[in-house]
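What follows is calculated from the coordinates using simple rules that are stated; it is not laboratory data. Since the structure is predicted, the reported quantities are computational estimates derived from the model, not experimental observations. Here the Cβ positions follow ideal geometry from the backbone for every residue, glycine too, while neighbour counts run over all protein chains shown.
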Amino acid sequence: MRSKIDFVIIWVDGNDPEWKREKNKFKGTVNGCEDDSEHRYRDWDNLRYWFRGVEKFSPWVRTVHFVTWGHLPKWLNTNNPKLNIVKHADYIPERFLPTFSSHTIELNLHRIEGLAERFVYFNDDMFILKPMKEKDFFRNGKPCDSAILNVHCYNMEDMVIMAPFRNIGVINHEFNMKDVIKNNITGWFNWKYGINNLRNLVLLPCPRFPGMLQQHLPTSFCKSTFKEVWKKYPEILEETCCHRFREMTDVNQWVFKEWQIANGFFSPRSLHIGKNIPAYHIKDAVDCIKNQKVKMMCLNDTEMSAGRFNECVKMINSAFECILPSKSSFEI
């Protein structure tokens, strides 16, 4: 029986001159609180390994929805029957376009034509390194996730850190933390969380959700969750979508993830399924890939010199070549 789970990946070619020209048209129209850092857009030239990992380690996926501004990798086999190429204009409402914000791109994913009710969302820096089963993402129709409380700490030098504050504000407006945990004890205190159960225990006296721990890994979603949140909080979501670039007042796709958790609509999963590694820990990332230490990994790009960046690209792609040397059917 064919899987009913889709994968969605968003990608941008930061080297595309036409895309750069369009972005620069709007660069001067924002209010100075936007995130337009170079490392948000630059290409590590390793997208082919994402497709190879999907085909080798998750061949059961129904459809891969490849979301792009309009550009495509030259090597991509656009005739692959499992591939659905989605341009921003195909699903994002016209009033929000053009956009250079991943938040806008993410918040509207449910509008993709033909998207399955159950799907897994990937950034283009998130990779599958080992065989994965459908039950790693969904169990009994519910998204797999970890319900772990966290304390968000504001850093005014990093505007992106504000999104979790905005997200949890929506959750606290809609849900009562005490009731949520009381009604789903085994979802919040679960052996799969290991020592992280202590986080929930220590933060339990809080009057509201202080925040939720995020791994920055591929996320399991139900399309109906997006529709529900859009129906209840359209003003907040639209405000974010009207921003051409990421801004401090934005929410992001984690608001849907946290909604699923607060709603009790999830199946507990261990955090050991994946790892988020900053690019400045490049040796750890290379080791993680070569030795396939986890099922999923996120290589979180950070600011670095051009020379160091080029060096890191070679190291990472060499590591991927060790475990995924063969072309996938997604390549010409």
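Computed quantities for the displayed model
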read-out	value
Computed over the stretch 220-332, Kirkwood Rh from alpha-carbon pairs, angstrom	17.5
Mean separation of Cα contacts under 8 Å, 6 or more apart, over the residue count of the chain: relative contact order %	27
Sequence ranges 17-26, 263-272, ranked by mean other-Cβ count within 10 angstrom, highest first	263-272, 17-26
Contact order normalised by residue count of the stretch 177-320, Cα under 8 Å, 6+ apart, percent	24
Normalised contact order of the stretch 105-199, rounded percent, pairs of Cα under 8 Å and 6 or more residues apart	23
Kirkwood-based shape ratio for the stretch 169-293, expressed as Rg/Rh from alpha carbons	1.00
DSSP-defined antiparallel bridges as percent of all bridges, the chain, nearest 5	35
Computed FRET value (nearest 0.05) for Asn15 with Glu113, which takes r as the C-beta separation and R₀ as 30 Å	0.55
Residue-count net charge about Tyr91 - beta-carbon cut-off 15 Å; Lys, Arg +1, Asp, Glu -1	0
Area projected by the alpha carbon convex hull of the stretch 285-332, averaged over all directions, nm²	4.3
Among the listed pairs Lys182/Lys223; Lys192/Lys293; Lys178/Lys223, those beyond 24 Å (Cα-Cα)	Lys182/Lys223; Lys178/Lys223
Too-long pairs where the Cα-Cα distance tops 26 Å, listed order kept, from Lys133/Lys327; Lys87/Lys283; Lys231/Lys275	Lys87/Lys283; Lys231/Lys275
Set of aspartates and glutamates near Lys20 by C-alpha distance (under 17 Å), chain-local residues within fewer than 8 positions excluded	Glu34, Asp35, Asp36, Glu38, Asp43
For the stretch 212-287 and the stretch 72-126, distance of Cα centres in Å	16
Solution diffusion estimate, µm²/s, Stokes-Einstein, the stretch 178-252, Kirkwood Rh from C-alpha pairs, 37 °C, viscosity 0.692 mPa s	214
Inter-site label distance for Asp284 and His272 at 7 Å from Cα along Cβ, in nm	1.8
Relative counts (whole %) of C-alpha pair distances in the stretch 40-114, using bins that are 5 Å wide	3, 13, 23, 23, 21, 14, 3, 1
Nearest-20 debye value, the stretch 94-225 charge dipole, Cβ charges on Lys, Arg, Asp, Glu	600
At least 24 Å along the helix axis (C-alpha) and Kyte average at least -1.0, DSSP helices within the chain	306-323
Total formal charge among the other residues, if their Cβ is under 11 angstrom from that of Ile128, Lys/Arg +1 and Asp/Glu -1	+2
Stokes-Einstein D in µm²/s, Kirkwood radius over Cα pairs - the chain at 10 °C with 1.306 mPa s viscosity	77
